[in-house]
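Provided herewith is a single structure, encoded as structure tokens, for subsequent inquiry.
The values are calculated or read from the model by the stated rules, or taken from the named source; none is laboratory data. Because the structure is a prediction, the values reported are computed rather than measured. Counting neighbours? That spans all protein chains shown, and the Cβs are built from the backbone with ideal geometry, glycine included. In case anyone asks, the SASA skips ligands and DNA or RNA and just uses the protein heavy atoms, side chains included. Shrake-Rupley method; radii C 1.70, N 1.55, O 1.52, S 1.80 Å.
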Amino acid sequence: AADLERTDDGEDENDNDDIDDPSLPMVDLFSLSELELQEIDYYQVLHLPCRPTITPDDVKKAYRKACLLYHPDKSGRGEEDAVFLKVKAAFETLSTQKQAYDSTEMPFDDSLPSENPSDFFQEYGPVFERNLHFDARLLPSKQNDSNKKRNKRASSARNNKKPPSLGDENTSIEEVHEFYDYWTHFESWRDFSLQAARELETED
């Protein structure tokens, strides 16, 4: 068997506070039925919160911890054990196709209020707040070390500024302009490649 599916590339990894969520329930994958194992999402498999800020390093660390429990060298259940295969699939998908997985496999409320809402601000405010989940500007930086130093000041200013809210009828005109400017330049990271691939397989 592989040596606990080594993924360590020798890089110095920074801790991400986003992965330390004490409210996340720990699931014993060995206790699940075959159907339950099929239905559980990859974040639960690796005991990670579903957040855009989760990085490949976070996934790698979670996978290492899962291997201590579910790797065949530890469990004695064999290389084709369904639980370990699920853990491997979770690691591979969240490492390389996280945005596509999040976009189509994880639940998200895409609903819109009625065309004539009784309170526009109250009903549409949450819509904008929800869709900030897909704001590419709020993702962790993927710049390499040579670019990080050069762009550190600009990146910090961009990422630390809270996106403007919809406000209400008392919001100042300056804040209204700021809100419209922000959403005019909104760039979504939603990725439907996994869904498209699945639909093509179904057609074949």
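Could you please let me know if ALA89 is touching a strand residue (DSSP E or B) at 6+ places or on another chain (Cβ under 7 Å), of a type in the set (A, V, I, L, M, F, W, C) and surrounded by fewer than 14 Cβ atoms within 10 Å (Cβ to Cβ)?
No: the conditions fail for ALA89.
Open to solvent by 90 Å² or more (accessible area, probe 1.4 Å), at pLDDT below 85 and touching a helix residue (DSSP H, G or I) at 6+ places or on another chain (Cβ under 9 Å): which single residue out of ARG158, ARG153 fits that description?
ARG158
If you scan segment 173-204, which residues turn out to be part of a loop (DSSP other than H, G, I, E, B) and either among the hydrophobic types (A, V, I, L, M, F, W, C) or surrounded by 14 or more Cβ atoms within 10 Å (Cβ to Cβ) (or both)?
Hits for segment 173-204 are PHE186, TRP189, ARG190, ASP191, PHE192.
In segment 18-31, what count of residues is obtained for those that are within 14 Å of TYR70 (Cα to Cα), open to solvent by 40 Å² or more (accessible area, probe 1.4 Å) and touching a residue at least 12 places away in the same chain (Cβ under 8 Å)?
2
List pairs: first residue in segment 94-120 and touching a residue at least 24 places away in the same chain (Cβ under 8 Å), second residue surrounded by 15 or more Cβ atoms within 10 Å (Cβ to Cβ) and charged (D, E, K, R) anywhere in the structure, Cβ distance under 6 angstrom, at least six positions apart or on different chains.
GLN99/ASP191; ALA100/ASP191; SER103/ASP191
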